[in-house]
Every structure is written in structure tokens, then in C-alpha cells.
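The values are calculated or read from the model by the stated rules, or taken from the named source; none is laboratory data. Note that the structure is predicted; figures quoted are calculated from it, not measured. Neighbour counts are summed over all protein chains in view; Cβ atoms, including those assigned to glycine, are modelled from backbone coordinates with ideal geometry. SASA here: full protein model, heavy atoms, side chains in, ligands and nucleic acids out. Shrake-Rupley method; radii C 1.70, N 1.55, O 1.52, S 1.80 Å.
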Amino acid sequence: MTGLRERQKADRTRRILEAASTLFRAQGYDAVRIEDIAAAADVSAGTCYNYFSTKGDILLAIVSMEVEEVIDAGRAVVADPPADVAEALDRLIRIYYDHSLLYLTKELWRRALALSVEAPDTPFSQRYLALDAKLAAQVGDLVVALQSRGSVRRGLDPEALGGILFAQLNQAFIAFVTQDAMPLADLHRTSRRATDQLALLIAMG
């Protein structure tokens, strides 16, 4: 019974998040009420409030769902990366970028970023930072994999380097979501230029 309840809860949560994502994208974050999300997810408003106290909580849960999915997809790159350092980094970063607009628009990403900055000590902000840390850790895991293959110099600290690389790709992503007219292809080109230069610094000679 416990397993069934957990599956039912997971199913309801997924329905709520997918409904919220659809409504946020179609109507805008401010125009949508939790009651609207509950109706679209075919759950009661009370159930929705039991799972999420605010729309901000729902938005963060969507961000979390997005991050967990890209991390899962990125594991294949970490497990068997291309030998070329720039290509390996670019392949992982493309997974992050290409998935970023699946559930969230640029406006929704800006809202999530604003909520994390406005109140840095809140659970929302702390969870947002934790998600960033998980992504940075996966970049570090890729560095470890490349070091084990002899592609990246072993004297480098994978954790520190993962943080540096993630900071660069995250800064490029922030620039992307703050410019509505900027296409994803431009983000890829910007990122690849930086990745090529970083690879020159860390690759084995």
C-alpha cells in the first residue's frame, strides 16, 4: 500500500507540474492561480495546496524536475565522453541548454532567478542553489572521466574546475534568458567559443 500511495502522489505531483508549466507558458506566471493549476491537473485545490504552498514553490518544483531530467540525460556523456575535451564539454552543456525551454519560458526562468535573489535565505533560494550545485558536480564528474582517459591534466582539481566551468555556462544561460530575441543557436555558439578556449587550458598537451 505504501508503494501505491507513493506512486499516486508522484503521479499527482507530475500532473500538477505539467499543468502549471502549460498554464504559465500560455497565460504568464502572474495570471495563473493555484486553483487554475489544480483544475487543469484534475486534482482538488486542497490537494494542490497540500503539495505546494505557493506558486513560487510550484515554479521551483518545475525547475527541479527540469534539472533532474538533464542530469539523468547527462549521465550518458559522463559515462562515455568523447575523447576530445571541447567536444565532451560541449555535448554535456548542449543537453543542459537544449532541455531548458521544455517546461519553462525565458520569462519563467527570469522569475525563478528573481525569486532566488530576492530572498536568499528562504527554502526556495536554498533549493535553487542546491540544484545549481548538482549541475556543477556533474560537470566535475565529466572532468574526472576525462582525466581517467588521459584527456585532461591530472593535476587539476575536478570539483573546482567543475565549478568554474559551470559558472561560465550558467552566466551564458543567464544572458540568454534575459534577452528574448536571442535564439538558442546563438547561445550554443557563445558557449562553444568559451568551451574551445577552456579546453585549450585543461587538455593534455
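Quick notes on this structure:
- Comparing S44, S100, S116 in a Gaussian network model of the chain where C-alpha atoms under 10 Å apart are linked, the largest mean-square fluctuation is found at S44.
- The chain: relative contact order as a whole-number percent, Cα under 8 Å and 6+ apart: 21 percent
- Computed from the Cβ-Cβ distance with R0 of 45 Å, the FRET efficiency linking M182 to R5 stands at 0.50.
- When nucleic acids and ligands are ignored and a 1.4 Å probe is applied, R75 ends up with an accessible area of around 130 Å².
- Spin-label model, E68/V144: points 7 Å from Cα along the beta carbon direction are separated by 2.2 nm.
- Cα centroid of region 66-82 to Cα centroid of region 138-191, whole Å: 13 Å
- Listed by chain and number, the lysines placed with their C-alpha closer than 20 angstrom to that of K9 are K55; residues fewer than eight positions away on the same chain are left out.
- Relative to the current alpha-carbon distance between A114 and M204, full extension at 0.36 nm per residue lengthens the span by 28.4 nm.
- In summary, the lysines within cross-link reach of K134, defined as a Cα separation below 23 angstrom excluding same-chain residues under 8 places away, comprise K106.
- Unit Cα scatterers, Debye sum, region 64-181: log10 I(q)/I(0) for q = 0.09, 0.10 Å⁻¹: -0.26, -0.32
- Accessible surface area normalised per residue over the chain is 50 Å², counting heavy atoms of protein chains with a 1.4 Å rolling probe.
- The chain - percent of accessible surface contributed by carbon and sulfur, probe 1.4 Å: 55 percent
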